Amino acid sequence: MNPDVDVVIPTLNSEKLLDRCLKGIRSQNYEGRINVIIMDGGSTDNTIEIAKRYDCEIQIFKGMYSNGLTGARNQALKYCNGQLYWQVDSDNIILNPNVLIKLVEPFLKIEDCQIVIPMIRILNEQSGIHKWFAKFEEFRIKEMCKGGTNIGDWVIINDMSYGITNASLIKRSFIEKVGGYDSNVRVLKRAKNKKLSKGVAVKDVYYYHLTGENPIKWPKKLIKRARFYSKLTNYELMSYFVQESYDHSYQKDERNSSLLFIKYSFKMLKEKRPYFFYGFIILFLYLIFLVGYTKDFINVYRRLL
């Protein structure tokens with residue numbers, strides 16, 4: 001008997017791509033229960049109406065923005081009853097109806113498997129900057145797979161360093177054992193400490209990360225969040241982060257991730273791909289745009305140490 005799957009999708013004014021996202025999920029040829037939970041932060045567009053058309057369970061938490069996707073996913077755990085938790089964002093598009101079947105299979109055959117991830121592909125309709133980010137996700141997954149063991153269409157990975165990504169399928173018990181969500185790096189660090197970091201990458205299933213958001217808005221979100229965190233008391237700030245594993249090894253992981261991001265940027269520039277150059281220029285402009293708010297970020301960072 002196939003395990004029940006809870007699909008958790010955080011939304012906030014997500015009408016542009018939500019229909020395509022839900023259509024892909026509801027078209028899955030899966031002989032088990034699929035419960036789709038929409039965690040909405042107070043949308044004012046047609047997001048809720050679209051979700052109702054696809055028979056989704058809808059939970060609305062206005063003002064949830066302060067916690068972002070992490071807060072939405074933690075809240076969603078209260079409504080999950082399935083053994084598996086499919087982490088899907090509203091801009092994740094799944095075209096193949098057999099994706100879920102293939103993601104579930106490793107859990108049925110590998111007892112200590114905790115996370116199963118698909119590969120990512122690019123759609124031609126994506127803009128240059130969005131193609132750039134999709135290629136970076138692909139690069140991270142492939143780098144992690146180099147340390148795994150290839151068995152047919154699977155790569156078995158004993159230490160998932162980039163496992164909680166878009167369209168990942170995760171054991172609900174895993175999330176509970178590691179203390180819920182905060183940042184992906186910290187969740188995986190706690191998982192490694194608890195010897196729960198074994199996972200599988202499935203090479204022949206794909207998702208498409210087709211973000212509908214204007215990338216110019218991203219730095220504005222970072223600024224808003226930095227301001228929000230900087231105004232919290234120490235006690236309030238700690239409530240947003242899991243402190244027990246916030247150590248120097250986490251800082252090292254974050255630094256290595258940033259270096260990898262820069263390394264890949266230059267690699268794409270060297271290959272002279274126009275849309276990657278466009279993406280790199282945009283990121284450079286973001287850094288300039290954020291310089292004035294560095295003090296807030298540093299303030300929050302120091303208080304967490």
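The values are calculated or read from the model by the stated rules, or taken from the named source; none is laboratory data. Here the structure is a predicted model, which is why all the values come from computation and not from measurement. Please note: Cβ atoms are built from the backbone with ideal geometry, for glycine as well, and neighbour counts cover all protein chains shown.
Quick check on region 45-60. Is at least one of its residues hydroxyl-bearing (Ser, Thr, Tyr) and surrounded by 17 or more Cβ atoms within 10 Å (Cβ to Cβ)? Break it down into steps so the answer makes sense when it comes.
The initial filter retains those residues of region 45-60 that are hydroxyl-bearing (Ser, Thr, Tyr), namely 47, 54.
Okay, now just the ones that are also surrounded by 17 or more Cβ atoms within 10 Å (Cβ to Cβ), so 47.
Taking every residue of region 45-60 in turn, at least one turns out to be hydroxyl-bearing (Ser, Thr, Tyr) and surrounded by 17 or more Cβ atoms within 10 Å (Cβ to Cβ).
If you check Asp55, Asp6, which single one turns out to be more than 22 Å from Leu210 (Cβ to Cβ), in contact with a Cys (Cβ under 8 Å, 6 or more places away or on another chain) and modelled with pLDDT of 95 or more?
On the way: Asp55 fails: in contact with a Cys (Cβ under 8 Å, 6 or more places away or on another chain).
Going through Asp55, Asp6 in turn, just one is more than 22 Å from Leu210 (Cβ to Cβ), in contact with a Cys (Cβ under 8 Å, 6 or more places away or on another chain) and modelled with pLDDT of 95 or more: Asp6.
Just a yes or no: is a residue in region 41-54 small (Gly, Ala, Ser), farther than 26 Å from Ser173 by Cβ and in contact (Cβ under 8 Å) with a residue 40 or more places away in the chain?
The first filter runs over region 41-54 and keeps only residues small (Gly, Ala, Ser), leaving 41-43, 51.
Next, from what is left, pick out any that are farther than 26 Å from Ser173 by Cβ: 41-43, 51.
From what is left, the residues that are in contact (Cβ under 8 Å) with a residue 40 or more places away in the chain are 51.
Checked against the condition, which is being small (Gly, Ala, Ser), farther than 26 Å from Ser173 by Cβ and in contact (Cβ under 8 Å) with a residue 40 or more places away in the chain, region 41-54 yields at least one hit.
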Inset, instruction - Kindly indicate whether any position in region 173-189 is in contact with a strand residue (DSSP E or B) (Cβ under 8 Å, 6 or more places away or on another chain) and either assigned by TED's automatic domain parsing to the domain that holds Leu84 or under 25 Å from Arg33 (Cβ atoms) (or both). - result: yes
Legend entry - Residue that is modelled with the highest pLDDT, among those in region 24-46 that are touching a strand residue (DSSP E or B) at 6+ places or on another chain (Cβ under 9 Å) and over 24 Å from Asn81 (Cβ atoms): Ser43
Inset, instruction - Scan Ile170, Ile151 and give me the residue that is modelled with pLDDT of 80 or more and in contact with a strand residue (DSSP E or B) (Cβ under 7 Å, 6 or more places away or on another chain). - result: Ile170
Inset, instruction - Please identify the pairs in which a residue from region 88-113 that is surrounded by fewer than 16 Cβ atoms within 10 Å (Cβ to Cβ) and at pLDDT below 95 has its Cβ atom under 9 Å from the Cβ atom of a residue that is in a strand (DSSP E or B) and not charged (D, E, K, R), counting only partners at least 6 apart or on another chain. - result: Leu95/Tyr206; Leu95/Tyr207; Leu95/Tyr208
Legend entry - Number of the condition not met by Pro3 [criteria: (1) outside any loop (DSSP other than H, G, I, E, B); (2) in contact (Cβ under 8 Å) with a residue 24 or more places away in the chain]: (1)
Inset, instruction - Read through the list (1) touching a residue at least 12 places away in the same chain (Cβ under 8 Å); (2) under 27 Å from Gln83 (Cβ atoms); (3) not in a strand (DSSP E or B), then give the number of the only condition that Ile58 fails. - result: (3)
Legend entry - Residue that is under 15 Å from Val88 (Cα atoms) and either touching a residue at least 60 places away in the same chain (Cβ under 8 Å) or of a type in the set (Val, Ile, Thr) (or both), where the choices are Leu18, Leu12, Leu22: Leu18
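Residue under question is Ile38, and the condition is that it be within 20 Å of the chain's Cα centre (by Cα), under 27 Å from Val116 (Cβ atoms) and β-branched (Val, Ile, Thr); does it hold?
Values: within 20 Å of the chain's Cα centre (by Cα): yes; under 27 Å from Val116 (Cβ atoms): yes; β-branched (Val, Ile, Thr): yes.
Taking the combined requirement at face value, the residue satisfies it.
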Inset, instruction - With the condition kept exactly as written, say whether any residue in region 118-132 is of a type in the set (Phe, Trp, Tyr) and under 17 Å from the mean Cα position of the chain (by Cα). - result: yes
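For every residue, the table says whether it meets (1) crowded, with 20+ Cβ neighbours inside 10 Å; (2) of a type in the set (Val, Ile, Thr); (3) in contact (Cβ under 8 Å) with a residue 60 or more places away in the chain.
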| site | (1), (2), (3) |
| --- | --- |
| Ile115 | yes, yes, yes |
| Phe136 | no, no, yes |
| Ile157 | yes, yes, no |
| Ser173 | no, no, yes |
